[in-house]
Amino acid sequence: MQVRDANQGDGYDSTENDDAPGMSSVELMEVLRTHIKLITLAPLAAGAIALGATYLIAPTFTASTTFLPPQQAQSGAASALASLGALGGLAGGVAGISSPGERYVALMQSVTLSDRIVDHFKLMDVYEAKFRVDARKALAANVRIVLGKKDGLMTIEVDDEAPQRAADIANRYVDELRRLTGTLAVTEAQQRRAFFEKHLQQSRDRLTQAQQALEASGFSPGALKAEPRAAADAYARLKAETTGAEMRLGLLRSSLADGAPEVRQQLSMVQALREQLVRAESATNTSGGPDYVGRYREFKYQETLFDVYARQFELARSDESREGALIQVVDAATPPERKSKPKRAMIAVIVAIGTGMILLIAIFFRASLLGNRRIF
C-alpha cells in the first residue's frame, strides 16, 4: 500500500500523459487571437512579395491558329479496283490509312519540319541553344498541336516572349505542312497515284522492249498459221493476274507470318494461277513459230499490264485532284494582345494561402507542445 501511495504521489503517469486530452475550441480561438496579426499580415506580405517577383519574369504570349487538314474523299476508283482482283487488293492494301489526322500531327512534329522552323526564325539564338537538338526540344515545349476528335479541326498554339513571333511561328507551321504534304504521298489517293506511277513507268519500258523484240522477230508463215492472237491475249491476262497475286503475297509476307490465314489463302491462289499459266504456255507453244509466238505473247502481256496501270493511274490522279490535299485555314494566328503567363494574381493568391496554412500548422503545433496537449 505504501508503494502504491508513493507512486501515486510521484506526479508522473505515462499512461495519463499519452492520453492527454486535446485542445478545446476555446483554447484554439485563444491561440488564433494571440497570433492574429502574424496570421493576417504574414500571408499578405508573402503574397505581395510573390506578386512583385512575378514582374521579374518575362511575360509569355500565346498565339493560335486553327485549320482543317485535307479530307480524304471516298475513292472514285473503288469499283475499278475491285474488278482488278489481285492488283486492286494490292493497291488498296498499300494505300490504307487508319488515322490521317494523327499523321498530320506527326508530320508537324517531325525533325524536318521542326528544323525548318528553327532555321527560319533563328531559334537557336532565341532559345540560346548550343545544339540544334536543344532548339528543337525548346520549340516542342512551346508548341501544342491539338486534334479535334469530333470536328476534325487542328489547332496549333505557340508560346513566345514576342507576340508577333508567336503568331508567325504558328502560321509558319501551316505553311511548312503545305510544303511537306506537297512532296509526300500522304492521302489515300496520293499513295495510289505514287504506286501506279512507279509501276506504270516500269511497264512502259518493258512494253517498249517487248515491241522492239517482236518487230525484230518478223512474221513467218509458220507463225501466221499458229494464229497466236487469241491464246496470247488470254495468256497475257492470266500472267498479269499472276503477277498481281505474287506482289500481293509478298506484301502480306512483309507484315504477317507465313502461317497466317491470309498468307496461306493468297499462296494457294498464286499456286493455282501458276499452274494455269504453265498450261497456257504449253498450249501456245507451237512448232509453227515459237520465236514469234513467245515474243508476241510477251508483248501482249506487257500491253495488258500497261493498260491496267495506266487506267488506275488516271483514276488515282482524278481522286487526288478532287481531294486536292488542301489545307484550309479557319483562324489565322494574330499577335496576342494579352499575355498568357505568368498569371500574377493566381500566383500571389496561392503563395498567400500556402503561407497562411503553414503558419497555422506551426502555431498550433507550438501551442500543443507548450501545453503538453494534442491539437485535436
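Brief remarks follow.
- Some residue of the range 343-356 being assigned to a loop (DSSP other than H, G, I, E, B), modelled with pLDDT of 75 or more and within 46 Å of the chain's Cα centre (by Cα): yes
- Qualifying residue in the range 34-52 (condition: assigned to a helix (DSSP H, G or I), at pLDDT below 50, in the same structural domain as ALA348 (by TED's automatic domain parsing) and not β-branched (Val, Ile, Thr)): no
- Qualifying residue in the range 250-261 (condition: modelled with pLDDT of 80 or more, assigned to a helix (DSSP H, G or I) and closer than 29 Å to PHE195 by Cα): yes
- The set of residues from the range 123-172 being assigned to a helix (DSSP H, G or I) and of a type in the set (Gly, Ala, Ser) comprises ALA135, ALA138, ALA140, ALA141, ALA166, ALA167, ALA170.
The values are calculated or read from the model by the stated rules, or taken from the named source; none is laboratory data. On a predicted model such as this, the values are computed, not experimentally measured, just so you know.
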